[in-house]
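The values are calculated or read from the model by the stated rules, or taken from the named source; none is laboratory data. Since the structure is predicted, the reported quantities are computational estimates derived from the model, not experimental observations. Here the Cβ is made from the backbone with ideal geometry for all residues, glycine too, and neighbour counts use every protein chain on show. The area values use the complete protein model at the heavy-atom level, side chains included, leaving out ligands, DNA and RNA. Shrake-Rupley method; radii C 1.70, N 1.55, O 1.52, S 1.80 Å.
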Amino acid sequence: MLFSNRENRHGAGFIQRVFVAALAVAAVVLVRPPVVAAEEDAVAAAEQGDGGSVAIELNKLEPKGSDCRAYFVIDNKGDKTYEALKLDLILFRPDGIIDQRFAVELAPLKGKKRTVKLFDVANTSCDDVGSFLINDVMECKAGSEDVADCLEDLAVSSRTDNALNK
């Protein structure tokens, strides 16, 4: 024992309390709460994406009259400025049956810039939306040059209960 005589017991108690407090602080710093850890992991995954330099996130669906408005957050992580990024989208109903096919233009997209784009799915209730599939990229241009393998450059995610796939 570090402090064995009677006068020094008070000092031993103080050091013991400091040591316990230091351990408590270390535990708080080293152990992240699960919710914070999950949020940080999700942000890191979104930043890395699946290798794509353009991340497309289905952020929200909301009713707009008889239509369903879809909000997309597009994060162009690269230096390229896209003059055209036209997607061939397939809308699936909640039961997995294809409902409709349409094209969506997400450009222009500036390099190293996050952008929000929205579009209305005509005569469709948001309850009738199951998921979206990026079936193909119809047009993809950076400047006046066509971009090869543009679909591979896309990373997709969704913050809704409705999936966005490619």
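Report the residue count in region 119-159 for those that are farther than 23 Å from Pro63 by Cβ, touching a residue at least 60 places away in the same chain (Cβ under 8 Å) and surrounded by fewer than 17 Cβ atoms within 10 Å (Cβ to Cβ).
3
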Review point. So which residues in region 109-166 are of a type in the set (Val, Ile, Thr) and under 17 Å from the mean Cα position of the chain (by Cα)?
Key: Thr115, Val116, Ile134, Val156, Thr160
Practice item. Out of Glu62, Glu39, report the one residue that is among the acidic types (Asp, Glu) and modelled with pLDDT of 70 or more. Key: Glu62
Check your understanding: Any idea which of (1) out of contact with any Asp or Glu (no Cβ under 7 Å at 6 or more places or on another chain); (2) open to solvent by 50 Å² or more (accessible area, probe 1.4 Å); (3) more than 27 Å from Pro63 (Cβ to Cβ) is the one Val116 doesn't satisfy?
Key -> (3)
Study note, to complete from the structure: From the option list Asn135, Asn162, single residue qualifying as in contact with a Ser or Thr (Cβ under 8 Å, 6 or more places away or on another chain), modelled with pLDDT of 95 or more and under 20 Å from Ile90 (Cβ atoms) is Asn162
Review point. Failed condition for Lys77, given (1) at pLDDT below 95; (2) open to solvent by 20 Å² or more (accessible area, probe 1.4 Å); (3) under 15 Å from the mean Cα position of the chain (by Cα), with all others met?
Key: (1)
